[in-house]
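Read the structure below first, then the notes.
The values are calculated or read from the model by the stated rules, or taken from the named source; none is laboratory data. None of these values were measured; they are calculated from a predicted model. Because the Cβ atoms are built from the backbone with ideal geometry, glycine has one as well, and the counts that use them run over all protein chains shown. Each accessible area value is taken on the protein alone, full model and side chains, heavy atoms only, with ligands, DNA and RNA left out. Shrake-Rupley method; radii C 1.70, N 1.55, O 1.52, S 1.80 Å.
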Amino acid sequence: MSHPRSFLTVKLDTIMPLATCKLLLHNQLNHKNTLRWQTSLVGHVARQTWPYIEKARTDALCNLSRRDCSLVVRSMTGHWLIGTHAHRLNFPYNDFCRSCRDEEEEESPEHFFCSCPALSNRRLRTLGKPFLDDLSGLSAIPPRKIALFIQSSNWTPF
């Protein structure tokens, strides 16, 4: 019984430098990880804010202080103590936005990062735009700037 051979197996059967083999393996693993990330059924907020695996952006996140890294990761994954997430964890929460005090607006990462009118000046100064269309707009913003925006907002995420 023969097994189908992958592109990588065929390439590895030929004589080539070790560095080329490592690069091929690295590229194939990155492709598989990216595909798995993009087709996952969980992590809706995280996939919007971090749509693909990018080494430079991951390194920038890891180079933040522990506190700033935690701020960015919690907010960009939707796992910070605001709105309905805080309520699910039995923490005190606001039904409405604590910045604009609009009782029609639920306190959420989407409202905080994208559309809260009370934070538009801070958003413009730190993120470069007064409003974002949706959370995917954060994917082009460096993690350091996202941390600065969260700190300047005076929202305490935990």
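Of all residues being touching a residue at least 12 places away in the same chain (Cβ under 8 Å) and not aromatic (Phe, Trp, Tyr) in segment 46-62, which is nearest to Asn27 (Cα to Cα)? Just the residue, please.
Per the criteria, the residue is Ile53.
Being under 24 Å from Ser115 (Cα atoms), part of a helix (DSSP H, G or I), without any contact (Cβ under 8 Å) to a residue 12 or more places away in the chain and over 12 Å from the mean Cα position of the chain (by Cα) is the requirement here; does His87 meet it?
yes
Which condition breaks for Arg36 when tested against (1) in a helix (DSSP H, G or I); (2) at pLDDT 85 or above; (3) under 27 Å from Glu107 (Cα atoms); (4) not aliphatic (A, V, I, L, M)?
(3)
Conditions tested, residue by residue: (1) within 23 Å of Asn30 (Cα to Cα); (2) modelled with pLDDT under 90; (3) open to solvent by 40 Å² or more (accessible area, probe 1.4 Å).
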position: Ala86; (1), (2), (3): no, yes, no
position: Ser99; (1), (2), (3): no, yes, no
position: Glu105; (1), (2), (3): no, yes, yes
position: Asp133; (1), (2), (3): no, no, yes
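If I ask for residues that are among the hydroxyl-bearing types (Ser, Thr, Tyr) and either modelled with pLDDT under 90 or touching an Asp or Glu at 6+ places or on another chain (Cβ under 9 Å) (or both), which ones from segment 59-80 would you list?
Within segment 59-80, Ser75, Thr77 qualify.
Just the residues that are in contact with a Lys or Arg (Cβ under 9 Å, 6 or more places away or on another chain) and either free of Cβ contacts under 8 Å to residues at least 24 places away in the same chain or surrounded by fewer than 18 Cβ atoms within 10 Å (Cβ to Cβ) (or both), please, taken from segment 121-131.
If the condition is that a residue be in contact with a Lys or Arg (Cβ under 9 Å, 6 or more places away or on another chain) and either free of Cβ contacts under 8 Å to residues at least 24 places away in the same chain or surrounded by fewer than 18 Cβ atoms within 10 Å (Cβ to Cβ) (or both), then Leu127, Gly128, Lys129, Pro130, Phe131 are the ones that fit.
Going by what's in this entry, would Pro109 be described as within 21 Å of Ile150 (Cβ to Cβ) and either touching a Lys or Arg at 6+ places or on another chain (Cβ under 6 Å) or loosely packed, with under 11 Cβ neighbours inside 10 Å (or both)?
No: the conditions fail for Pro109.
Give me a count of the residues in segment 58-83 that are closer than 21 Å to Glu110 by Cα and either in a helix (DSSP H, G or I) or out of contact with any helix residue (DSSP H, G or I) (no Cβ under 9 Å at 6 or more places or on another chain) (or both).
12
From Ala147, Ala140, grab the single residue that is within 18 Å of the chain's Cα centre (by Cα), under 19 Å from Asn63 (Cα atoms) and open to solvent by 50 Å² or more (accessible area, probe 1.4 Å).
Ala140
Identify, by number, the condition in (1) outside any helix (DSSP H, G or I); (2) open to solvent by 70 Å² or more (accessible area, probe 1.4 Å) that Trp155 doesn't meet.
Against the list (1) outside any helix (DSSP H, G or I); (2) open to solvent by 70 Å² or more (accessible area, probe 1.4 Å), Trp155 comes up short only on (2).
Could you give every pair whose Cβ atoms fall below 8 Å, whose first residue belongs to segment 17-41 and is under 18 Å from Ser139 (Cβ atoms) and open to solvent by 70 Å² or more (accessible area, probe 1.4 Å), and whose second residue is in a helix (DSSP H, G or I) and of a type outside the set (A, V, I, L, M, F, W, C), counting only separations of at least 6 or pairs across chains?
Trp37/Arg47; Gln38/Arg47
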